[in-house]
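J.: Got a structure for you, written out below as structure tokens; questions coming shortly.
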Amino acid sequence: MPSGEYLRYVALGDSQTEGLGDGDDITGLRGWADRLAGQLAVGSPGLQYANLAVRGRLAAQVHAEQLGPALALRPDLATVVAGVNDLIRPRFDANEVAGHLEAMFAELTAQGTHVATLTFPDIARITPLARPISSRVAALNHRIRAAALRHGVIVAETSHHPVVTDPRLWSQDRLHASPLGHERIAAAVAHALHLPGSSDSWTHPLSSPVVTPSGWRAAVTELRWAAAFLGPWLGRRLRGRSSGDGRTAKRPHLLPVQALPMGSETDPPGKRSADSPQLS
């Protein structure tokens with residue numbers, strides 16, 4: 001299939017693919033997959049798009065719950081991004097997580113679907129308290145690359161560019177991308193897919209330098225983050241709850257998409273552009 005010419009795009013994954021951090025549940029979530037769909041529609045005006053992602057899902061749950069519906073939609077292009085929720089669980093097995101991802105790669109590509117995925121940045125570079133899981137991120141990224149190579153899956157390498165840990169690309173919880181971050185992720189996948197108009201500009205640093213707190217201000221910032229986000233997350237784990245309990249995919253069916261030009265990084269947080277992918 002010529003680069004950029006797609007008829008059906010299906011996104012599988014968790015909260016990042018659902019779009020958390022880019023809008024909200026009241027005004028609507030946008031997210032990198034929605035943004036990518038809009039970019040795809042520039043070269044494919046008849047593109048239809050479904051987003052099966054649900055927040056809080058582990059890789060095994062994405063595999064069990066989303067692969068079957070995705071295959072039934074017979075996509076030309078699918079993105080499969082999962083594993084971050086596994087990384088932050090006490091029990092983490094990189095081989096098991098990568099095995100679920102590879103199973104999805106295998107079944108989708110066997111059906112003739114063009115598949116793309118991405119690698120993850122070191123969370124410890126965003127949240128110092130997450131230093132113990134740095135080795136987990138590296139192990140999972142290594143296995144993602146190997147599995148992708150075996151099945152001809154495109155990998156957007158978002159793991160090692162310094163800009164990906166700029167705090168302005170992340171929401172306040174430091175686990176989900178901000179609108180600007182989602183825009184950069186979409187641009188990274190578009191570049192990996194060689195879409196017309198894409199480039200490596202997503203790897204470039206922001207034009208203004210980042211200002212980060214130091215000394216006691218940094219310590220206070222970390223304590224506030226732990227109280228606002230880490231504490232509630234631990235509480236849900238202890239109760240056996242997930243942020244995705246009772247939730248279903250926001251866009252389970254293939255629907256038309258309006259074309260969205262390549263992002264300019266000017267959308268204010270939470271704003272849904274009139275050009276963003278719309279249900280019809």
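J.: Please enumerate the residues belonging to the range 179-192 that are open to solvent by less than 10 Å² (accessible area, probe 1.4 Å) and within 21 Å of residue 124 (Cβ to Cβ).
T.: 181, 188
J.: Could you please let me know if residue 75 is assigned to a helix (DSSP H, G or I), in contact with a strand residue (DSSP E or B) (Cβ under 8 Å, 6 or more places away or on another chain), farther than 23 Å from residue 184 by Cβ and touching a residue at least 24 places away in the same chain (Cβ under 8 Å)?
T.: On the way: assigned to a helix (DSSP H, G or I): no; in contact with a strand residue (DSSP E or B) (Cβ under 8 Å, 6 or more places away or on another chain): yes; farther than 23 Å from residue 184 by Cβ: yes; touching a residue at least 24 places away in the same chain (Cβ under 8 Å): yes.
So residue 75 does not fit the description; no.
J.: While we're looking at this one, here's another question. Quick one: in the range 147-168, of everything that is among the aliphatic types (A, V, I, L, M) and within 16 Å of residue 17 (Cβ to Cβ), which residue is surrounded by the most Cβ atoms within 10 Å (Cβ to Cβ)?
T.: 153
J.: Within the group 95, 85, which residue is in contact (Cβ under 8 Å) with a residue 12 or more places away in the chain, assigned to a helix (DSSP H, G or I) and open to solvent by 30 Å² or more (accessible area, probe 1.4 Å)?
T.: The unique qualifying residue is 95.
J.: Can you name the residue in the range 43-72 that is part of a helix (DSSP H, G or I), small (Gly, Ala, Ser) and touching a Gly at 6+ places or on another chain (Cβ under 8 Å) and, of all such residues, is nearest to residue 255 (Cα to Cα)? It would help to see each step written out before you state the result.
T.: We begin by selecting, within the range 43-72, every residue part of a helix (DSSP H, G or I); these are 43, 59-72.
Now drop any that are not small (Gly, Ala, Ser), which leaves 43, 59-60, 64, 68, 70, 72.
Imposing the further condition that a residue be touching a Gly at 6+ places or on another chain (Cβ under 8 Å) reduces the set to 43, 59.
Numbers: 43: 17, 59: 25 Å.
Filtering the range 43-72 for residues that are part of a helix (DSSP H, G or I), small (Gly, Ala, Ser) and touching a Gly at 6+ places or on another chain (Cβ under 8 Å), the one nearest to residue 255 (Cα to Cα) comes out as 43.
The values are calculated or read from the model by the stated rules, or taken from the named source; none is laboratory data. What you see is a predicted model, and the numbers here were worked out from it, not measured in a lab. For neighbour counting, all protein chains shown are included, and Cβ atoms are generated from backbone atoms with ideal geometry for every residue, glycine included. SASA here: full protein model, heavy atoms, side chains in, ligands and nucleic acids out. Shrake-Rupley method; radii C 1.70, N 1.55, O 1.52, S 1.80 Å.
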